[in-house]
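Structure, as structure tokens:
Each reported figure results from applying straightforward, stated rules to the coordinates on display, with no laboratory input. Only a predicted model underlies this, so the values are computations on that prediction, with no experimental measurement involved. Cβ: placed from backbone, ideal geometry, glycine included. Neighbour counts: every protein chain shown.
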């Protein structure tokens, strides 16, 4: 009896609650077509859901979203006709969503020094099922000084352009050079990052010799009188650097701030660096990186990175590169400006269950083969020394269950012929043994490594 | 949409446009066809194909086409078909999202061929199998045909750049039970060209193979063309093979394959396949099977008028962190426990008659003949 009354009472309560919520209802989305412009629709409906119909909107200033809870969705195509403006700027806002939209730049206005979608000083932002194309240079999706930003299910195509990589302000370099640059997705100083299930492809600027020659890439445009610490004398002498392919499919930087990062299920093709991560507490899993100069790189104070279950295919310089960078440092109680400075060290990583194939058979091999560099280039997994002596060493790296596969053994197509080819990597695994600050405590277990042309690894047998 | 008499006329009159299909049933008797870039169909509508001889949607030589948030099915009496549900050929940058495809009995519910960058996500594919004749008579090493249950949920054939994620493929009709086998006379060898290595005399004499459950939940085929594939987060139940991979550079992760004959399969030149974090349960024959197949081969350069052949080797794979449970407690254990390949009552083949003209047991012409897995 008691139970049946209780059930009836609960049922009535549920019905009442349901009726209440139905009566209150969610407001219907705003129809953007009822306004003279998209910006007018956004400004007149702060914090509302705005549906964009199947229309092409041509804009010449960035769409600006500054109010919390604003959402733009729908099948519309937004065309930015002004190369001096981003496509969208989300600024100082919370809980903003963009979904299902297509963004591009109009013909003749695609070379830009602006980002595509820009997220500044915001939190809880979601970019889903969005397509961004033809934003040539900078980043197609960019977030800075924000928290909890998700980019998922997006397609980014043709994000690179020709630019000058100006390092004249850096005392480590001091020079500038012509380069291909641009990133698909770039996050800087973001805590709480989810970047998953995206496809990021470049079809225009492939790093071929013809492109290099056509755009005079690598030529120094500024040669310093006194080269910086990282200014290779050969570069100064030749007024040329072969490091002219810059940018990344995905970059997460700002290592003092960027943390709690998931990069999962992304497909990245024809990038300079597939993923470039300077952040802490990072999961990189289930991604395919195909045709890149570097598959994955972490440095400049990247800690606790879990690299698991990725495919690296047709990568030419390093499959995975882990090292301290110039920005890596220990903590200090009297740092810059006399204030305590938090540590920014590298290490505590796991590299597991990744497959590396066709190493050295990509489009940039020609640019790195036959170099007499003292630097340990062309190693599939590389754990290196710091960029400058002051860097703390990278420590505690576990390498387990990976496969480096000698694809040349099965024959590869070279100059129109199927031929067996020698490996194009020095070692499957290179861990710096001599140059300081050298890695500390690298553990290697249960990997299946085909030997490179110098062997499986440079680690002495008694240290394995 | 409402200003056009048919869906197809709306598509033809507005090439490269986006169409919202309202919440109603659209009956079609010809496949919806698009060959224009940037076409998009979405909405809550349900498309019902009434013609068993036509696909439901056909996309040809188009880029950036999206089909989203729609339901597709076949009408009663027209569900047994030798046609695919969605078929895309020579396309680039395709997306199938949040679709329901049901009652496309046999062939593939969603198939892409000779294409680039195809994404199938958050779709639900149900009841994709049908009775079929698995005709291997044209394959020298096999040389026989037999009655089978066949059909595939999602298939990629010669596709570079594949993303298949968060889908569910479920079969609820044709379970591999003894009762279903007997009802549909499955496994009966209907035609023999000659005994071969893979068709031993004993099996031919018995006129029966127990290998009558064919097809896959997800199939990546054409191993020299299909590569760079992510298959993740899918739930696959009641199929022959959960995920059947004939492709290179593949990630198969975080899928659940339940009640299958084979959980995950990589064969016929599958290289650099990464199988991690999958759950494979109630599988009766193999949980994970890796091997070279008849299609595996080394490369060869063009010589004496013969064209060059791509290399198509198997290996360089990783299997890690998978859980395989309840092996042998699925619905097909009876068919493989204590078996002989030819362990069945002797039945007589229909000598000298084309299998395709053989009437079904119910006296109706069979509609669902297509060349089997090995012959394609």
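Cut-off 19 Å, label point 7 angstrom out along Cα-to-Cβ of residue B:323: give me the residues of the range B:254-295 whose amide nitrogen falls inside. Those under the cut-off are B:254-260, B:263-264, B:275-284, B:287-288. For the peptide A:348-354, the mean number of other protein chain Cβ atoms found within 10 angstrom of a residue's Cβ is 2. When peptides B:189-201, B:303-315, A:149-161 are ranked by their average number of other Cβ atoms within 10 Å per residue, the highest-first order is A:149-161, B:189-201, B:303-315.
Taking every C-alpha pair closer than 8 Å and separated by at least 6 residues, the mean separation divided by the residue count of chain A gives a relative contact order of 8 percent.
For each of B:46, A:378, A:371, count neighbouring Cβ atoms within 10 Å of the residue's Cβ, then give the residues from fewest to most.
By the 10 Å Cβ count, ascending: A:371, B:46, A:378.
The mean number of Cβ atoms from other chains found within 10 Å of a Cβ in peptide B:310-320 is 5, as a whole number. Of B:140, A:363, the sequence from fewest to most neighbouring Cβ atoms within 10 angstrom is B:140, A:363.
Once you order the gyration tensor axes a ≥ b ≥ c over the Cα atoms, which shape class does the range A:191-230 get: rounded for a/c under 1.5, otherwise prolate or oblate by comparing a/b with b/c? Oblate, because a/c is 1.5 or more while a/b does not exceed b/c.
Count, for each residue of A:305-314, the Cβ atoms from other chains sitting within 10 Å of its Cβ, then give me the mean as a whole number.
On the way: counts 0, 0, 0, 6, 12, 2, 11, 2, 5, 2.
That average works out to 4.
Only DSSP H runs of four or more residues enter the estimate; each adds -39500 (n - 2.57), and after division by the residues of the protein assembly as shown the mean residue ellipticity at 222 nm equals -2500 deg cm²/dmol. Here the range B:65-80 is scanned for amide nitrogen atoms under 15 Å from the site 7 Å beyond the Cα of residue B:23 along Cα-to-Cβ, giving B:69-71.
Distance between the modelled labels on residue A:92 and residue A:433, one decimal in nanometres: 5.8 nm (7 Å Cα→Cβ projection). For residue A:260 and residue A:69, FRET efficiency with R0 = 25 Å and r from the beta-carbon atoms, rounded to 0.05? Approximately 0.60, to the nearest 0.05.
Determine the relative contact order of the range B:19-375: mean sequence separation of Cα pairs under 8 Å and six or more apart, normalised by residue count, in whole percent. List each step's numbers first, then the result.
Details: 1113 pairs, mean separation 45.9, N = 357.
Dividing the mean separation by the residue count of the range B:19-375 yields 13 percent.
Highest mean first, how do A:394-406, B:16-28 rank when packing is the count of other Cβ atoms within 10 Å averaged over residues? Mind showing how you got there, number by number?
Details: A:394-406: 22.2, B:16-28: 14.8.
Taking the mean over residues of other Cβ atoms within 10 Å, the ranking is A:394-406, B:16-28.
The long axis of helix A:2-24 is offset from the longest Cα principal axis of chain A by roughly 80 degrees. Dividing the mean sequence gap of close Cα pairs (under 8 Å, 6+ apart) by how many residues the range A:55-182 holds gives a relative contact order of 19 percent.
Cα gyration tensor of the range B:35-103, axes a ≥ b ≥ c as square roots of the eigenvalues: rounded (a/c below 1.5), prolate (a/b > b/c) or oblate? Intermediate results must be reported in sequence, preceding the final value.
Details: a/c = 2.66, a/b = 1.50, b/c = 1.78.
Cα axes put the range B:35-103 in the oblate bin.
Assuming R0 = 56 Å, what is the FRET efficiency of residue A:366 and residue B:76, from their Cβ-Cβ distance, to the nearest 0.05? Numbers along the way, then the final one.
Details: r = 62 Å, r/R0 = 1.10.
Using R0 = 56 Å, I get an efficiency of 0.35.
Label points 7 Å out from Cα along the Cβ direction at residue A:230 and residue A:34: separation in nm? Computed distance between label sites residue A:230 and residue A:34 equals 5.4 nm. Each label was represented as a point 7 Å from its Cα along the Cα-to-Cβ direction; for residue B:50 and residue A:388 these points are 7.7 nm apart.
Using only the Cα atoms of the range B:19-375, build the gyration tensor, take square roots of its eigenvalues as a ≥ b ≥ c, and label the shape rounded, prolate or oblate: rounded if a/c is under 1.5, else prolate if a/b is larger than b/c, else oblate. In terms of gyration-tensor shape, rounded.
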